[in-house]
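Nothing in this text is a laboratory measurement; each read-out follows from the coordinates by a stated rule. On a predicted model such as this, the values are computed, not experimentally measured, just so you know. Cβ sites come from the backbone with ideal geometry, for glycine too, and all protein chains shown count toward neighbours.
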Amino acid sequence: MTETAARALVAAAHATGRRQDTGAAAAPVPDGGSHFTVLVKPEVLTPEAAADALAQTLRVLGAGGVRVLRCALTPAADFAVRGHLHLHYPRLHRVAADGPPALTSGARRELAALTAARGAEEALGALDALSRDPDLTPLALEERCRKAGIHKLGSGSYASVTELHGRPVAVLNGFLPALADGYAGPGALVALLECQSAREIADLREHLLGALDPATADPASLRGALADRIARQHGIPLSEGRNGVHLSAGHLEGMFQAWRHFAAPDGLGIDSTPLGRALAGAGVPLAAVRHLATDPDLAGDRGGTLAPHGATEGLRRDEVLDRVRQWADALAETGERL
């Protein structure tokens with residue numbers, strides 16, 4: 001995709017207020033390598049900065065050995081209302097909504113240690129925290145949690161020990177309501193880039209994506225380049241919570257994100273993706289694969305539970321194939337309905 005085409009796509013999205021898509025490639029996505037999605041967020045896709053931000057993203061990806069297969073732009077508010085934001089980060093939202101019951105066994109142990117060390121009397125999800133104090137806004141909750149410190153408990157699960165009505169409580173994913181509010185801004189867009197690279201996703205996330213805080217990221221990375229050349233030029237405040245861009249955390253998550261954002265709107269199944277084809281070719285039932293899309297809790301090796309998206313972060317593609325095949329076999333043995 002050229003920068004000229006990217007700028008034209010941005011102009012069309014602004015003019016129509018509807019999703020604009022470059023369309024499926026003529027040939028299927030090649031097997032092998034990494035197949036993933038890059039999400040460019042609304043904080044850098046403002047009406048004034050969107051064209052420059054998308055063009056800059058394409059430059060960094062190209063320089064990093066990443067081929068952009070397809071691009072879709074959609075109004076940020078529409079992206080949230082249609083559930084795409086929730087499905088892009090399913091466990092992040094589930095933990096914020098359901099609180100401790102949505103945590104894996106390992107995350108619950110981390111939470112217990114944190115609450116004991118900090119004297120928290122209760123642990124609750126971000127939405128529960130907001131409902132208990134009508135004067136507490138999403139932004140105020142996020143600021144309070146970041147000031148207190150955000151501790152990672154597990155995949156998609158974070159806790160901050162702060163005060164609610166003068167009592168110490170552990171709030172889970174307290175930054176999420178404010179993050180979701182960021183998708184409601186007028187005129188802001190979301191860009192979805194379907195990508196393929198010979199590089200491993202773990203390598204791309206470590207070296208090409210950039211540090212969580214764009215201010216400290218390598219200027220040659222996605223986050224660093226957006227902070228250095230776009231946010232500064234357009235006066236956009238980026239931070240750990242508004243870092244401009246996300247790249248699929250692993251091959252499994254990448255498959256589901258590419259399927260949801262691109263193949264599914266075309267009426268195609270998971271087996272249209274490279275990893276989905278490989279799983280189907282290995283005899284893994286597609287129902288078992290689809291079962292993993294919302295990152296449900298699975299039985300772990302030692303009697304606990306695990307998050308499949310988190311458990312496959314950093315794994316090579318062949319390792320992910322083996323892991324998913326094992327999970328499908330285990331589900332079949334237990335007779336769990338899929």
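Structure notes:
- Mean separation of Cα contacts under 8 Å, 6 or more apart, over the residue count of region 137-204: relative contact order %: 27 percent
- Here region 27-71 and region 95-154 have alpha carbon centers that stand 33 Å from each other.
- Net charge dipole, region 269-334: roughly 160 debye, given to the nearest 20, about the Cα centre with Cβ charges of +1 for Lys and Arg and -1 for Asp and Glu.
- Residues in region 180-189 carry Karplus couplings, in order, of 5, 4, x, 8, 9, x, x, x, 6, 10 Hz; the curve used is 6.51 cos²θ - 1.76 cosθ + 1.60 with θ = phi - 60°, and Gly or Pro positions show x.
- Look at the dipole of the chain built from charges on Cβ: of L85, A5, A170, the Cα furthest out on the positive end belongs to A5.
- Across the chain, the mean sequence separation of Cα contacts (distance under 8 Å, 6 or more residues apart), normalised by length, yields a relative contact order of 23 percent.
- Dipole magnitude for the chain: computed about the Cα centre from +1 point charges on Lys and Arg Cβ and -1 point charges on Asp and Glu Cβ, it is near 300 debye.
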